[in-house]
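Here's the structure, in structure tokens; my notes come after.
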């Protein structure tokens with residue numbers, strides 16, 4: 001037990017980073033789930049991985065200088081561009097159903113990421129995009145994640161009622177003089193920023209997990225927006241903490257272990273919901 | 001614009017891009033009016049509504065609103081996302097958001113006003129219920145309470161009885177009429193159901209495929225006017241003081257035609 005704790009403490013920066021990603025993604029995930037844009041989250045995560053791959057590919061060719069030297073820069077550009085596209089309703093134009101556009105984005109971005117990595121001179125394995133590399137998070141990475149998460153969470157705390165109103169009833173919000181497009185774009189922008197930064201450490205699967213499962217757990221267990229945010233955050237942090245702690249002694253990949261714990265928590269929440277609804 | 005006028009259309013032509021939906025509209029909504037905006041789907045009701053709410057600029061002419069005019073807007077029920085886990089009182093509080101200001105939270109006084117608004121529409125006891133658990137009529141009352149809590153000059157209801165049963169429809173229309181008579185609030189009610197609106201409002205604006213007529217209920221709900229507007233023979237009956245508009249029955253197999261034109265949608269849209 002003591003050895004396990006010591007080993008986990010060796011990776012305390014990684015654990016802290018995972019907790020930050022869990023926190024930021026779970027807050028945004030409440031909007032993602034309630035607004036039924038779950039697959040926008042998946043597509044943005046995949047776009048982010050394609051952005052990283054594009055950065056590595058161009059850097060290998062000596063193109064782009066500083067911009068491609070840091071893969072997250074390309075990931076940010078590509079993901080935010082995608083977020084803005086979906087944010088202005090770009091997925092619903094031209095006679096193609098919005099979910100089909102999201103599907104096309106997901107598929108093309110996934111394939112592009114793999115192809116670009118295959119031809120990148122740095123030659124890293126593409127599995128890292130799916131599974132991430134939580135253990136590789138350093139002190140500097142956690143500080144960067146902190147610098148991203150704090151402003152995003154502050155924006156969402158300060159403008160909670162604005163985000164809620166335009167998400168719940170955009171028509172009435174518009175008659176109140178709200179710039180619905182601006183608030184939508186801001187929501188998608190924060191989503192894009194968080195996904196772009198989280199992706200490079202957590203991978204597509206774990207980011208998608210934190211965007212969806214904690215919010216679903218919140219919906220199952222809580223009533224009211226405050227309750228859902230609270231349960232979503234708590235369950236995401238618990239999944240990150242326990243999943244990470246389990247992965248170290250059992251030598252399991254940390255991302256999938258955290259996802260498995262998230263799934264178990266959501267399943268338990270479903271059981272509790274069923275039990276309480278049949279009892280009442 | 002007269003002193004009591006809240007909204008004034010002055011030779012306004014409305015449309016989207018190059019497509020004209022309604023042209024040369026001139027009318028006013030005076031303070032204290034109870035106006036029904038009626039017409040079938042696609043006839044331009046929403047276009048007029050958007051122009052009134054300031055979401056659509058006229059292609060030509062003008063739409064003028066009284067300075068400081070505050071709308072109490074009740075959207076179509078389907079435009080609200082009932083998947084959001086919100087308490088009824090929290091939904092009503094949204095009607096105070098523009099007064100509360102950007103980035104600020106509602107105060108206890110705002111909450112009290114929201115509960116009062118719920119009491120005004122007869123559902124104060126539902127304040128702590130989840131919106132999604134309410135019946136259609138209760139949801140509509142919640143949205144009306146939200147419109148009222150902002151202390152509007154004009155209550156604008158978009159298809160308030162759409163998809164409701166007879167009892168709920170009657171209750172909601174009676175509530176709106178009571179609000180108009182008791183609180184002297186100006187009401188604009190948009191609906192495709194002429195029979196429902198005609199028995200509650202004071203004036204009717206009828207729009208049909210580019211045509212537009214406005215007047216008192218007597219001026220609009222009569223056989224010559226409706227027959228000309230709908231393009232089919234229309235009968236106006238009265239049962240227990242209620243006007244009922246019906247398309248006149250024709251022999252089986254005979255297609256209704258007036259003045260050689262093709263039939264338009266009937267009174268029910």
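Throughout, read-outs are computed from the coordinates displayed, never taken from laboratory work. Being a predicted model, the structure only gives us computed values, none of them experimental. As a convention, Cβ positions derive from the backbone with ideal geometry for all residues, glycine included, and neighbour counts pool all protein chains shown.
Length gained on full extension, residue A:268 to residue A:143, computed as 0.36 nm times the residue gap minus the Cα-Cα distance: 41.7 nm. Go ahead and run the numbers for FRET between residue B:165 and residue A:250, Cβ-Cβ distance against an R0 of 56 Å, rounding to 0.05. Once the sixth-power term is evaluated, E becomes 0.40. Label reach from residue A:111 (point 7 Å along Cα→C-beta): in region A:43-59, no amide nitrogen lies under 14 Å. What would the Debye formula give as log10 I(q)/I(0) at q = 0.08, 0.14, 0.17 Å⁻¹ for the alpha-carbon point model of region A:2-270, no solvent? Computed log10 I(q)/I(0) values: -0.32, -0.97, -1.36. The angle separating the long axis of helix B:108-120 from the principal Cα axis of greatest extent in chain B is about 40 degrees.
Remark: spin-label model distance residue B:246-residue A:150 equals 7.4 nm, labels positioned 7 Å along the Cα→Cβ axis. To the nearest 0.05, what FRET efficiency results for residue B:50 and residue B:184 with a Förster distance of 25 Å applied to their C-beta separation? Approximately 0.40, to the nearest 0.05.
Between A:238, A:14, A:100, the residue with the greatest mean-square fluctuation in the GNM of chain A (Cα pairs under 10 Å linked by springs) is A:100.
The alpha carbons of region B:1-117 stretch over 47, 36, 28 Å along the principal axes, in descending order.
Each residue of chain B gets 161 Å³ once the volume of the Cα convex hull is shared out per residue. Label zone (residue B:209, point 7 Å along Cα-to-C-beta; backbone nitrogen cut-off 16 Å) within region B:10-51: B:21-23, B:39-45. Across chain A, C-alpha contacts under 8 Å between residues 6 or more apart give a mean separation that, scaled by the residue count, equals a relative contact order of 29 percent. Between residue B:174 and residue A:81, what's the calculated FRET efficiency when r is the beta-carbon distance and R0 is 60 Å? Round to 0.05. About 0.70, to the nearest 0.05.
Between region B:2-59 and region B:99-165, the alpha-carbon centres lie 26 Å apart. Residues within the reach of a label modelled at residue B:105 (point 7 angstrom out along Cα to beta-carbon, backbone nitrogen below 17 Å), restricted to region A:156-184, are A:156-165. Relative to its Kirkwood radius, the Cα radius of gyration of the protein assembly as shown gives an Rg/Rh of 1.07.
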